1. Could you tell me how many of the residues in the range 212-226 are part of a loop (DSSP other than H, G, I, E, B) and within 12 Å of the ligand (Cβ to nearest atom)?
2. Residues of the range 235-255 being in a helix (DSSP H, G or I), without any contact (Cβ under 8 Å) to a residue 24 or more places away in the chain and under 13 Å from ALA206 (Cα atoms), which ones?
3. When both residues are 6+ apart or on different chains and their Cβ atoms are under 8 Å apart, which pairs have a first residue that lies in the range 48-65 and is under 13 Å from LEU8 (Cα atoms) and free of Cβ contacts under 8 Å to residues at least 60 places away in the same chain, and a second that is β-branched (Val, Ile, Thr) and surrounded by 18 or more Cβ atoms within 10 Å (Cβ to Cβ)?
4. With the requirement that a residue be among the aliphatic types (A, V, I, L, M) and surrounded by 19 or more Cβ atoms within 10 Å (Cβ to Cβ), what does the range 199-209 give you?
5. Kindly state which strands (runs of 3 or more DSSP E) lie completely within the range 1-75 and contain at least 2 residues that are over 28 Å from LEU189 (Cα atoms) and within 14 Å of the ligand (Cβ to nearest atom).
6. Given the criteria within 15 Å of the chain's Cα centre (by Cα) and either closer than 30 Å to HIS108 by Cα or at pLDDT 95 or above (or both), does THR212 qualify?
Amino acid sequence: MQAKNMALNYGNFRALEDIDMDIYEKQVTALIGPSGSGKSTFLKSLNRMNDLVEGCKITGEISLEGKNIYGKNIDVNELRKNVGMVFQQPNPFPMSIYDNVAYGPRTHGIKDKKKLDELVEQSLKGAAIWDEVKDDLNKNGLAVSGGQQQRICIARALAVKPDVLLMDEPTSALDPISTLKVEELVQELRKDYTIVIVTHNMQQAARVSDYTAFFYADPAKGGGHSTVIEFGETDQIFNNPNNEQTADYVAGRFG
Ligand SMILES: Nc1ncnc2c1ncn2[C@@H]1O[C@H](COP(=O)(O)OP(=O)(O)OP(=O)(O)O)[C@@H](O)[C@H]1O
């Protein structure tokens, strides 16, 4: 995916501006930056989740495989099938584990039981939770641990076979062991998916990502007007940043 001269307003509040960024295929891109620097806002722009926010206006371009996702004739349901999302709080639907994962394929018209069984198994395996739940597929998706719920949500996102997976602080509500499992999973998933992950955890960004974008709102601009002030390979951003704010932030000196 690619953002070109992208800017976003919530009403009169200019949250993001001058965003030019490549999101490389089958790589993990981490979005880091202080609270309120627009990381989630940018992430949600990548599958048009901000369409649901009244007064939100986006200019410039965000493209998926060369096609502007804000252009004419874009089917937003199709876009969200290609660009899936996992949220900060695990949010399984109040239904069985099986139905959670089969939900997306069913809404896209797949009814065949054998096909659905296959997809559910594949997706739960893809989310590294099959072994833990395979004998309990009828159990309510909310009746398992938070870490398992999050992997069920990842399986639910994988079930519609997206190209891109957006993850908004996917481990911030999880214990350290579940966090590690999700981090290991991200390492596995990057073989097949393009992943964009928002994280406040610098070690996590350094561990799981190939590229890192540092979002920053210059206080001199009086709030908002956030932009990506540095983008590069994660190693470079963490070990040899070009920008003073990036260096201070990754060293934990503010934020
Ligand atoms: N729906 C909204 N309406 C108005 N302003 C919003 C809305 N959502 C976010 N904002 C503002 O946009 C700016 C960017 O917010 P955003 O949540 O994207 O930042 P963030 O970097 O993800 O923060 P955090 O790390 O705290 O989650 C903030 O100033 C926030 O108050």
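The values are calculated or read from the model by the stated rules, or taken from the named source; none is laboratory data. Bear in mind that the values here come from a model prediction, so they are computed numbers and not experimental data. Note: ideal-geometry Cβ built from the backbone for every residue, glycine included; neighbour counts use all protein chains shown.
1. 5
2. Hits for the range 235-255 are ASP235, GLN236, ASN239.
3. Close Cβ pairs (under 8 Å, with a partner that is β-branched (Val, Ile, Thr) and surrounded by 18 or more Cβ atoms within 10 Å (Cβ to Cβ)) amount to ARG48/ILE69; ASN50/THR41; ASN50/ILE58; GLY60/ILE19.
4. Scanning the range 199-209 gives ALA205, VAL208.
5. Answer list for the range 1-75: 2-10, 13-22, 56-64.
6. So THR212 fits the description; yes.
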